[in-house]
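Asks: Got a structure here, written out as structure tokens. Questions coming.
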Amino acid sequence: MDLKEYIRSIPDYPKKGILFRDITTLIKNEKAFINTIDQIIEKSKNFKIDKIAAIESRGFVFASAVSYLLKKPFVLLRKKNKLPADTYSVDFQLEYGKATIEMHKDSVEKDDSVLVIDDLIATGGTAEAAAKLIGMAGAKVSGFIFVINLFDLGGADKLIKDGYKIVNLIEFPGH
């Protein structure tokens with residue numbers, strides 16, 4: 001199945017000059033969504049996994065299903081002020097602005113191997129912030145799985161250069 005056929009491209013969203021890759025058209029199609037989860041499960045076999053983390057919010061869609069099927073604990077990496085207990089916090093740069101993500105301090109333990117799943121990698125700022133959060137707790141990122149890699153924005157290359165193992169299911173140019 002060519003998952004690219006199920007991704008809608010929306011120009012000038014969320015701001016002028018951005019070509020947004022919309023996964024809602026993929027997840028509303030039962031066969032495409034199941035195929036996506038099956039591919040992530042298959043690719044996750046290449047990683048040591050104690051826990052699965054996902055980046056808010058679209059990463060939750062994929063990672064929660066994978067976490068359930070692999071019977072692994074699920075870690076939420078959320079936007080600022082969305083988690084009620086003590087958190088680690090990292091500020092980072094997005095392709096179109098600044099943001100902060102947080103993780104509960106008790107979400108991962110020292111030496112846990114955490115697989116991070118997200119819908120898309122662009123410039124890599126969010127993924128780098130996720131890795132920092134996990135590292136603050138003394139755990140390590142075993143790798144990243146992205147549904148989409150916007151290859152010409154360099155985020156995946158940056159993560160690889162930093163020593164992370166990454167996998168993506170499909171690729172698009174970022175503009």
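Asks: Could you tell me which numbered condition Leu83 fails, if it satisfies all but one of (1) in contact with a strand residue (DSSP E or B) (Cβ under 7 Å, 6 or more places away or on another chain); (2) touching a residue at least 24 places away in the same chain (Cβ under 8 Å)?
Replies: (2)
Asks: Just the residues that are in contact with a Leu (Cβ under 6 Å, 6 or more places away or on another chain) and more than 23 Å from Lys48 (Cβ to Cβ), please, taken from region 142-159.
Replies: Across region 142-159, the qualifying residue is only Ile148.
Asks: Still on this structure: Restricting to region 110-131, count the residues that are among the polar types (S, T, N, Q) and buried (at least 20 other Cβ atoms within 10 Å of the Cβ).
Replies: Summing the residues that are among the polar types (S, T, N, Q) and buried (at least 20 other Cβ atoms within 10 Å of the Cβ) in region 110-131 gives 1.
Asks: Of everything in region 1-49, what is free of Cβ contacts under 8 Å to residues at least 60 places away in the same chain, out of contact with any helix residue (DSSP H, G or I) (no Cβ under 8 Å at 6 or more places or on another chain) and of a type in the set (Phe, Trp, Tyr)? Give them in sequence order.
Replies: Tyr13, Phe20
Asks: Out of the residues in region 88-109 that are more than 13 Å from Glu56 (Cβ to Cβ) and among the polar types (S, T, N, Q), state the one that is surrounded by the most Cβ atoms within 10 Å (Cβ to Cβ).
Replies: Per the stated criteria, the residue is Ser107.
Asks: Kindly check whether there is at least one residue in region 132-150 that is crowded, with 17+ Cβ neighbours inside 10 Å, touching a Pro at 6+ places or on another chain (Cβ under 8 Å) and modelled with pLDDT of 95 or more.
Replies: Checked against the condition, which is being crowded, with 17+ Cβ neighbours inside 10 Å, touching a Pro at 6+ places or on another chain (Cβ under 8 Å) and modelled with pLDDT of 95 or more, region 132-150 yields at least one hit.
Asks: Now, a different point. When you look at Lys110, is it modelled with pLDDT under 95 and more than 15 Å from the chain's Cα centre (by Cα), yes or no?
Replies: No: the conditions fail for Lys110.
Asks: Quick check, is Ala99 of a type in the set (A, V, I, L, M), free of Cβ contacts under 8 Å to residues at least 40 places away in the same chain and outside any helix (DSSP H, G or I)?
Replies: Criteria met by Ala99.
The values are calculated or read from the model by the stated rules, or taken from the named source; none is laboratory data. Values in this document were obtained by computation on a predicted structure and should not be read as measured data. Reconstructed Cβ throughout: ideal geometry from the backbone, glycine too, with neighbour counts over all protein chains shown.
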